[in-house]
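Input: a single structure, listed below in structure tokens.
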Amino acid sequence: MQTGRDTLIGRLHLAVALIAAWLVATSPWIAMYRRVPAHPGLLNGSHVVLGSTALVLAVPYLYACTRAGRWRLYFPWLAGQGGAALRDLAGLARGVIPSAEGGGLFAMFEGLTLLSLLATAATGAAWWAAHGSTDALTWRAAHAAAAQVLIGFAIVHVVTVSLHLLELVRD
């Protein structure tokens, strides 16, 4: 049975995942550099609105995932507990799929994915705030770099979830 916290996390995860997927899928057609165009159109306009929404949702999602000491699961190195992730990495080298529980390698990837989401949303907001200034291009570059990191971690996240689903089907 799910608790209220689990339901909240599930809903936030779904919302953030759908928004991030839309933003990434449409990003090649975004035509904003120093400023939002006077008539932004559907893609540019939705990128600003949904990007802002991603930032608004990423903060409570991070809080919900990490409160009550659960931050140690997603960021074990901050607690000096990187051993589980290292053991999982060694196990992967032997063909053993790491556990989804216990703050190991896969949970660490989830935490890094969440941080990269927050960094992408924050740099996007900074880019928007610098609208029209010379700093806008700097924030745009930072946003693009953060988005590339997010895409990389999101791919790893999808692969790790798929491995767990495969493991469940096998059992």
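Would you pick out the residues in the range 6-52 that are touching a residue at least 60 places away in the same chain (Cβ under 8 Å) and basic (Lys, Arg)? Passing the criteria: Arg34, Arg35. If I filter the range 2-57 down to residues being among the hydroxyl-bearing types (Ser, Thr, Tyr) and in contact with a Leu (Cβ under 8 Å, 6 or more places away or on another chain), which single residue comes out as modelled with the highest pLDDT? Out of the qualifying residues, it is Thr26. Gly103 satisfies every condition listed in (1) surrounded by 19 or more Cβ atoms within 10 Å (Cβ to Cβ); (2) part of a helix (DSSP H, G or I) except (2).
Here the condition is being out of contact with any Cys (no Cβ under 9 Å at 6 or more places or on another chain), surrounded by 15 or more Cβ atoms within 10 Å (Cβ to Cβ) and under 30 Å from Ala38 (Cβ atoms); of Ala129, Ala122, Ala85, it holds for Ala122 alone. Just one residue in the set Val36, Val56, Val49 is aliphatic (A, V, I, L, M), more than 18 Å from Leu112 (Cβ to Cβ) and either touching a Ser or Thr at 6+ places or on another chain (Cβ under 7 Å) or part of a loop (DSSP other than H, G, I, E, B) (or both); that residue is Val36.
Taken over the range 134-170, the criterion of being of a type in the set (Phe, Trp, Tyr) and either more than 10 Å from the chain's Cα centre (by Cα) or under 17 Å from Ile30 (Cα atoms) (or both) is satisfied by Trp139 alone. When the range 17-33 is filtered for residues that are of a type in the set (A, V, I, L, M, F, W, C), touching a helix residue (DSSP H, G or I) at 6+ places or on another chain (Cβ under 7 Å) and either exposed (fewer than 11 other Cβ atoms within 10 Å of the Cβ) or part of a helix (DSSP H, G or I) (or both), the ones remaining, listed by number, are Ile19, Ala20, Trp22, Leu23, Val24, Trp29.
Against the conditions (1) farther than 23 Å from Val158 by Cβ; (2) among the aliphatic types (A, V, I, L, M); (3) under 18 Å from the mean Cα position of the chain (by Cα), Leu42 satisfies every one except (3).
Quick grid of which residues meet (1) among the hydroxyl-bearing types (Ser, Thr, Tyr); (2) over 18 Å from the mean Cα position of the chain (by Cα):
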site	(1), (2)
Ala38	no, yes
Gly95	no, yes
Phe106	no, no
Thr113	yes, no
Ser116	yes, no
His131	no, yes
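The values are calculated or read from the model by the stated rules, or taken from the named source; none is laboratory data. All of these numbers come straight from a predicted model, not from anything done at the bench. Every residue, glycine among them, receives a Cβ derived from its backbone with ideal geometry; neighbour counts consider all protein chains shown.
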